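Novice: One structure coming up, written as structure tokens, with questions to follow.
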Amino acid sequence: MPAVGYSVWPSGRLHLPESDDAAATAAAKAAMAEQGGGYQPDADANETLVDIACEARASIIRDGDWVEFDHDDEGDPKWSNQATAFYVAIAPFVRSGVVQIEGEDGARWSYTYADGRVTQQGWNGWDGSIEPFGDYVDLPSPD
């Protein structure tokens with residue numbers, strides 16, 4: 001894992017009903033706190049996914065029952081276990097959608113959501129996994 005961080009550029013759109021935002025936010029905050037790394041959730045019970053977007057290494061805009069992910073132009077979007085925890089923890093609240101991640105070295109992976117579950121496609125350039133919190137695997141050859 002890089003010592004100074006691994007920059008990412010997320011994008012995508014998830015169907016996550018606005019009525020589930022508070023529960024998804026609470027789940028994400030709890031999951032991120034379990035990862036260590038200095039993340040301490042704010043005790044503010046009124047936070048939304050938009051408010052904690054920087055932890056997902058993204059900017060998030062809510063559009064009704066949809067949340068749209070884009071690059072965090074104002075923060076320092078470096079991937080971490082907390083970011084992975086965010087994307088995994090919101091899965092039970094997401095009806096459908098995909099978030100694509102592009103790493104600073106051109107690595108691309110995505111999280112696809114359906115039926116309250118998330119699956120990863122592609123090789124995570126930060127930790128070398130092919131599933132969230134998975135073990136390192138060698139970069140697939142570009143045959």
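The values are calculated or read from the model by the stated rules, or taken from the named source; none is laboratory data. Keep in mind it's a predicted model, so treat the numbers as computed, not measured. Methodologically, a virtual Cβ is constructed for each residue, glycine included, from the backbone with ideal geometry; neighbour enumeration extends over all protein chains shown. Calculation scope for accessible area: heavy atoms of the full protein, side chains included, ligands and nucleic acids excluded. Shrake-Rupley method; radii C 1.70, N 1.55, O 1.52, S 1.80 Å.
Novice: Considering only region 22-38, how many residues are over 15 Å from residue 82 (Cβ atoms), open to solvent by less than 50 Å² (accessible area, probe 1.4 Å) and free of Cβ contacts under 8 Å to residues at least 60 places away in the same chain?
Specialist: The number of residues fulfilling the criteria is 0.
Novice: Would you list the strands (runs of 3 or more DSSP E) that sit entirely within region 39-143 and hold 3 or more residues that are surrounded by fewer than 16 Cβ atoms within 10 Å (Cβ to Cβ)? Quick ask: steps written out before the conclusion?
Specialist: Details: elements: 59-63, 66-70, 96-103, 108-114, 117-122.
Answer list for region 39-143: 59-63, 117-122.
Novice: Looking for something more than 11 Å from the chain's Cα centre (by Cα), over 20 Å from residue 127 (Cα atoms) and touching a residue at least 40 places away in the same chain (Cβ under 8 Å) - is there at least one such residue anywhere in region 73-91?
Specialist: no
Novice: List the number of the failed condition for residue 96; all other conditions in (1) closer than 16 Å to residue 25 by Cα; (2) touching a His at 6+ places or on another chain (Cβ under 6 Å); (3) polar (S, T, N, Q) hold.
Specialist: If we test residue 96 against (1) closer than 16 Å to residue 25 by Cα; (2) touching a His at 6+ places or on another chain (Cβ under 6 Å); (3) polar (S, T, N, Q), just (1) comes out false.
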